[in-house]
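Contents: one structure, followed by commentary.
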Protein chains: 2
Amino acid sequence: MTKTPYKIYLNEDEMPKTWHNIKAVMKELPSPFIHPATLKPCSADELNQVFCSELVEQELNTTDEYIEIPEGIREFYKMYRPSPLVRAYCLERLLDTPAEIYYKFEGTNTSGSHKLNSAAAQVYYAQKQGLTSLTTETGAGQWGTALAMACAYYNIDLSVYMVKVSAEQKPYRKAVIETYGGKVIPSPSNTTAAGKKILAENPDTGGSLGCAISEAMEVAMQTDNCRYVLGSVLDHVLLHQSVIGEETKTACDKYDIQPDIIIGCAGGGSNYGGLIAPFIGDKINGTSNIEFIAVEPVSCPSLTRGKYAFDFGDTGQTTPLMKMYTLGSGFMPSPNHAGGLRYHGMSPIISKLYDDGYLSARAVEQTKVFDAATMFARCEGTLPAPESAHALQVAIEEALKCKETGEKKTILFGLTGTGYFDLSAYMSYNEGSMTDYVPTDEDLEKGFASLPKVEL
Amino acid sequence: MTKTPYKIYLNEDEMPKTWHNIKAVMKELPSPFIHPATLKPCSADELNQVFCSELVEQELNTTDEYIEIPEGIREFYKMYRPSPLVRAYCLERLLDTPAEIYYKFEGTNTSGSHKLNSAAAQVYYAQKQGLTSLTTETGAGQWGTALAMACAYYNIDLSVYMVKVSAEQKPYRKAVIETYGGKVIPSPSNTTAAGKKILAENPDTGGSLGCAISEAMEVAMQTDNCRYVLGSVLDHVLLHQSVIGEETKTACDKYDIQPDIIIGCAGGGSNYGGLIAPFIGDKINGTSNIEFIAVEPVSCPSLTRGKYAFDFGDTGQTTPLMKMYTLGSGFMPSPNHAGGLRYHGMSPIISKLYDDGYLSARAVEQTKVFDAATMFARCEGTLPAPESAHALQVAIEEALKCKETGEKKTILFGLTGTGYFDLSAYMSYNEGSMTDYVPTDEDLEKGFASLPKVEL
């Protein structure tokens with residue numbers, strides 16, 4: 001048999017023409033969004049006030065397994081996709097494992113991550129609906145960058161509410177967003193009532209993601225032809241990210257690669273949901289035995305130590321309630337946690353699949369994650385994003401198990417992005433000043449105390 | 001006819017197995033290196049004291065048109081190559097030009113540029129020769145990063161003398177090099193006689209590339225099993241970069257793409273030399289009419305305003321003399337010049353081809369370069385390195401000429417890297433504070449005054 005190439009790139013005519021809707025293959029569906037005032041499921045009309053209507057349709061679609069990717073989005077995808085499926089030959093050699101290791105690498109576009117897959121779709125639909133502007137929030141800046149790229153392409157105005165302390169600490173992220181024509185507003189700001197209120201109470205605050213979300217949503221609701229967009233957690237975001245899984249499946253089929261384990265990092269859950277979309281159906285219907293592992297930081301362990309409960313999506317407690325694994329919207333990981341995956345909750349789809357036992361979860365410490373990232377960079381060349389290196393760390397753990405048992409498993413993981421904008425974290429790792437943080441049970445109880453008291 | 005895909009990736013078995021030696025197809029050769037003390041051509045023995053012996057052989061090889069890429073380097077190349085040949089459909093649409101525009105994109109690896117192509121080769125040969133460590137200098141940091149990646153892979157120690165002011169202004173570049181295990185020494189340093197001397201005279205100096213070269217060379221000469229490596233200008237570096245051109249040629253032949261114009265930015269000249277290597281031979285022997293354009297900044301115009309003369313390669317005047325287009329090793333572009341291409345001279349091969357009329361040169365202003373870079377980022381997605389955007393700017397000029405004349409030319413340019421580490425320059429452009437610098441004739445005369453007074 002021919003040796004698998006280092007990198008598998010699909011031809012343009014092999015690229016997916018449809019997204020894969022996980023909900024259509026689930027035996028039981030996640031609970032619908034609940035309106036916090038009425039405690040009734042949110043209607044499409046209610047969601048339409050905040051989101052583009054086509055995205056709301058996708059959010060509520062539980063029946064169509066395949067949803068067409070419009071030509072206008074496929075043209076955008078062709079600029080930076082297909083992403084490569086890479087055989088990690090050098091890592092295999094270094095670990096001296098009989099396992100085969102593959103990773104799907106989403107970091108070759110300028111935004112540096114998979115976020116662009118959903119940004120492109122969301123902005124395309126906004127343009128189609130005749131909207132002229134969008135708002136969003138960004139913390140680390142990956143989502144803001146991806147959205148700015150898509151808005152530049154589709155000619156839509158963009159306002160990014162960027163957590164003030166991030167905007168100050170990461171001027172280069174701000175510069176990229178501005179190069180693509182996006183407007184960056186450090187949050188809290190004087191441009192919204194929510195921002196003004198917080199500034200009046202605490203003029204020196206560095207801001208928070210919760211506040212930035214409130215500001216972005218307020219502007220979207222009060223501006224004509226404007227909507228708010230979100231980069232993870234929601235079902236339609238997972239749907240768009242299924243382009244990752246669809247490409248992976250086609251590449252695997254083409255080269256007769258049959259994964260035994262599929263691993264991904266999970267913050268909000270969208271990249272992992274997208275990666276597993278074409279594989280999980282057979283697990284659910286009992287025809288496949290693939291092991292699915294979602295990886296999260298020990299410092300923000302929503303799946304491994306959270307509760308499966310209705311919770312708000314934001315710390316400001318303004319969104320509909322979603323049933324998900326959560327640490328409570330009031331939970332904040334320690335500031336010494338460097339690399340992403342800081343969200344208190346988890347995608348309702350991933351949460352449900354986990355609760356139903358179709359996938360497992362593992363929490364890893366950040367110093368181990370940076371050990372893995374550095375080892376990977378040195379042998380495979382690519383500098384991983386800290387988020388992505390969570391998945392890498394578990395892939396290494398599994399490959400080393402194979403070394404012990406002699407099993408020749410096929411391990412596939414998602415390498416969602418590059419670490420170019422995370423170098424301050426690499427610096428603290430290189431200097432030996434990086435530490436680990438494991439929340440105590442008391443820390444978690446404080447977060448759980450913020451869960452809404454609802455009876456449903 | 002089928003539409004050309006957005007991105008052409010060669011299959012692994014189509015990747016080049018040989019480099020392309022331009023000198024073997026030149027009618028007249030560039031002058032050999034001259035020893036500044038004896039004014040005689042440098043012998044292989046003399047060069048072997050500084051460089052790996054296999055690299056010296058390649059440097060002096062004027063007869064073999066194809067030189068095999070060793071299996072050990074081809075394995076490294078497979079980790080990050082082939083690089084895509086991209087059809088710039090979106091740019092074509094935006095410019096409304098009948099021209100077809102293609103670019104060969106070298107920015108998808110972690111070093112962010114083409115530099116890795118020669119770093120891999122140079123470190124491989126060092127390892128093969130039994131060397132245990134290498135030294136080099138770096139200014140902006142691209143070369144240092146590429147070399148650190150290659151040294152991590154081939155397990156060779158690396159000391160990078162980084163211009164002190166760069167090391168301070170670009171802590172993230174330093175962090176990447178250190179993540180790959182390279183040692184970064186801000187220059188001038190106390191580790192060398194050259195550094196100590198400069199520090200004694202001027203304790204507060206921010207350093208210079210000339211000083212960093214002197215320090216790196218001193219350490220290489222005085223350390224067992226150690227050599228100095230250089231990232232551009234030299235013939236063997238152009239040879240390694242011909243992997244860019246070879247891939248491009250194969251992709252063009254596969255899709256019946258016949259370039260009318262081939263454009264590249266030229267600082268030291270290695271990427272452009274590599275890109276044109278498989279195309280220039282037919283121009284020299286009169287069977288092709290391709291127009292070749294090397295692009296440089298108006299602020300450092302070695303081809304368009306320099307002299308064709310023997311000059312030192314470094315500002316410290318320690319290297320052999322090379323006949324090249326040069327502004328004099330004492331020439332320093334204004335500090336307001338942001339993006340690379342600051343070298344006072346030009347590759348002897350490119351200089352000779354230019355002097356013989358096989359290629360032309362054009363100088364562009366940096367604000368125009370950033371106009372082009374921003375336009376490109378917004379429509380094609382990728383954020384270009386400022387260096388690469390010099391070539392882009394001329395590609396746009398040529399495409400707009402086609403719009404005027406109605407000619408359907410095929411324009412190919414090299415996009416050598418990404419702008420992730422150049423965001424301070426993008427910031428000053430975004431803020432409107434970027435200016436242009438055109439050296440006066442007097443400025444140039446000062447540089448020419450540093451040319452060595454040799455009669456050959």
Exercise for the section: Examine the range A:346-355 for a residue that is surrounded by fewer than 17 Cβ atoms within 10 Å (Cβ to Cβ), out of contact with any Ser or Thr (no Cβ under 9 Å at 6 or more places or on another chain) and modelled with pLDDT under 95, and state whether such a residue exists. Expected result: no
Handout entry: Candidates B:A294, B:A277, B:A309, filtered to the one that is of a type in the set (A, V, I, L, M), buried (at least 24 other Cβ atoms within 10 Å of the Cβ) and more than 19 Å from B:T62 (Cα to Cα)
Key = B:A294
Exercise for the section: Filter the strands (runs of 3 or more DSSP E) completely within the range A:306-401 down to those with at least 1 residues that are under 17 Å from the mean Cα position of the chain (by Cα) and within 30 Å of A:D96 (Cα to Cα). Expected result: A:360-364
Fill in the blank from the handout: Of the candidates B:P439, B:P452, the one satisfying the condition of being open to solvent by less than 10 Å² (accessible area, probe 1.4 Å), under 19 Å from B:G345 (Cα atoms) and either aliphatic (A, V, I, L, M) or in a loop (DSSP other than H, G, I, E, B) (or both) is B:P439
Problem - Wholly within the range A:113-206, helices (runs of 4 or more DSSP H) carrying at least 2 residues that are within 14 Å of another protein chain (Cβ to nearest Cβ) - result: A:115-128, A:142-154, A:164-169, A:171-179
Exercise for the section: Please specify each residue of the range A:247-268 satisfying the condition of being buried (at least 24 other Cβ atoms within 10 Å of the Cβ) and within 21 Å of A:Y77 (Cα to Cα). Expected result: A:E247, A:T248
Practice task
For the range B:233-253, indicate whether the set of residues that are within 14 Å of another protein chain (Cβ to nearest Cβ), in a helix (DSSP H, G or I) and at pLDDT 95 or above is non-empty.
Solution key: yes
Problem - Complete set of residues in the range B:132-148 that are open to solvent by 10 Å² or more (accessible area, probe 1.4 Å) and not hydroxyl-bearing (S, T, Y) - result: B:E137, B:G139, B:A140, B:Q142, B:W143
Exercise for the section: Might you check whether a residue that is open to solvent by 10 Å² or more (accessible area, probe 1.4 Å) and touching a residue at least 60 places away in the same chain (Cβ under 8 Å) occurs anywhere in the range B:116-124? Expected result: no
Fill in the blank from the handout: Within the range B:81-112, of all residues that are touching an Asp or Glu at 6+ places or on another chain (Cβ under 6 Å) and within 9 Å of another protein chain (Cβ to nearest Cβ), the one farthest from B:G267 (Cα to Cα) is B:C90
Problem - B:Q127 being open to solvent by 10 Å² or more (accessible area, probe 1.4 Å), modelled with pLDDT under 95 and polar (S, T, N, Q) - result: no
Fill in the blank from the handout: Given (1) at the interface with another protein chain (Cβ under 10 Å from one of its Cβ atoms); (2) closer than 22 Å to A:W19 by Cβ; (3) among the basic types (K, R); (4) surrounded by fewer than 23 Cβ atoms within 10 Å (Cβ to Cβ), A:R74 misses just (1)
Problem - So A:A372, is it within 14 Å of chain B (Cβ to nearest Cβ) and under 24 Å from A:V438 (Cα atoms) - result: yes
Handout entry: Positions within the range A:301-322 being touching a Gly at 6+ places or on another chain (Cβ under 8 Å) and of a type in the set (A, V, I, L, M), in sequence order
Key = A:M322
Practice task
Would you mention how many residues in the range A:358-394 are surrounded by fewer than 23 Cβ atoms within 10 Å (Cβ to Cβ) and among the aromatic types (F, W, Y)?
Solution key: 1
Completion exercise
Residue hits (the range B:184-205; open to solvent by 30 Å² or more (accessible area, probe 1.4 Å) and among the small types (G, A, S)) are B:A193, B:A200
Problem - Residue among A:I8, A:I69 that alone is away from chain B (no Cβ under 14 Å), more than 22 Å from A:M346 (Cβ to Cβ) and crowded, with 18+ Cβ neighbours inside 10 Å - result: A:I69
Fill in the blank from the handout: A:R378 vs (1) away from every other protein chain (no Cβ under 14 Å); (2) in contact with a Gly (Cβ under 9 Å, 6 or more places away or on another chain): all pass except (1)
Fill in the blank from the handout: Taking the range B:11-28 and keeping residues loosely packed, with under 14 Cβ neighbours inside 10 Å and more than 14 Å from chain A (Cβ to nearest Cβ) leaves B:K17, B:K27, B:E28
Exercise for the section: Exactly one condition in (1) of a type outside the set (K, R); (2) farther than 24 Å from A:I257 by Cα; (3) outside any loop (DSSP other than H, G, I, E, B) is not met by A:T110; state its number. Expected result: (3)
Completion exercise
Being touching a strand residue (DSSP E or B) at 6+ places or on another chain (Cβ under 7 Å), closer than 21 Å to A:S360 by Cβ and not β-branched (V, I, T) narrows A:Y255, A:Y272, A:Y228 down to just A:Y272
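Here's the yes/no breakdown for (1) at negative phi; (2) buried (at least 24 other Cβ atoms within 10 Å of the Cβ); (3) not small (G, A, S):
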residue	(1), (2), (3)
B:A152	yes, no, no
B:V163	yes, yes, yes
B:T179	yes, yes, yes
B:G182	yes, yes, no
B:M221	yes, no, yes
B:D224	yes, no, yes
B:R227	yes, yes, yes
Exercise for the section: List the number of the failed condition for A:K408; all other conditions in (1) assigned to a helix (DSSP H, G or I); (2) touching a residue at least 24 places away in the same chain (Cβ under 8 Å); (3) over 21 Å from the mean Cα position of the chain (by Cα); (4) more than 14 Å from chain B (Cβ to nearest Cβ) hold. Expected result: (1)
Problem - Test for B:G286: is it out of contact with any helix residue (DSSP H, G or I) (no Cβ under 9 Å at 6 or more places or on another chain) and surrounded by fewer than 22 Cβ atoms within 10 Å (Cβ to Cβ) - result: yes
Exercise for the section: Quick one: in the range B:411-434, of everything that is among the polar types (S, T, N, Q) and assigned to a helix (DSSP H, G or I), which residue is nearest to the other protein chains (Cβ to nearest Cβ)? Expected result: B:N430
Handout entry: Output for the range A:254-270, where each listed residue is within 17 Å of A:Q393 (Cα to Cα) and not in a loop (DSSP other than H, G, I, E, B)
Key = A:I261, A:I262, A:I263, A:G264, A:C265
Fill in the blank from the handout: Among the residues of the range A:272-305, the number that are of a type in the set (S, T, N, Q) and in a helix (DSSP H, G or I) is 2
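The values are calculated or read from the model by the stated rules, or taken from the named source; none is laboratory data. Note that the structure is a prediction, hence the values are computed from the model and not measured. All Cβ positions, glycine included, derive from the backbone under ideal geometry; neighbour counts span all protein chains shown. Ligands, DNA and RNA are excluded from the accessible area calculation, which covers all protein heavy atoms including side chains. Shrake-Rupley method; radii C 1.70, N 1.55, O 1.52, S 1.80 Å.
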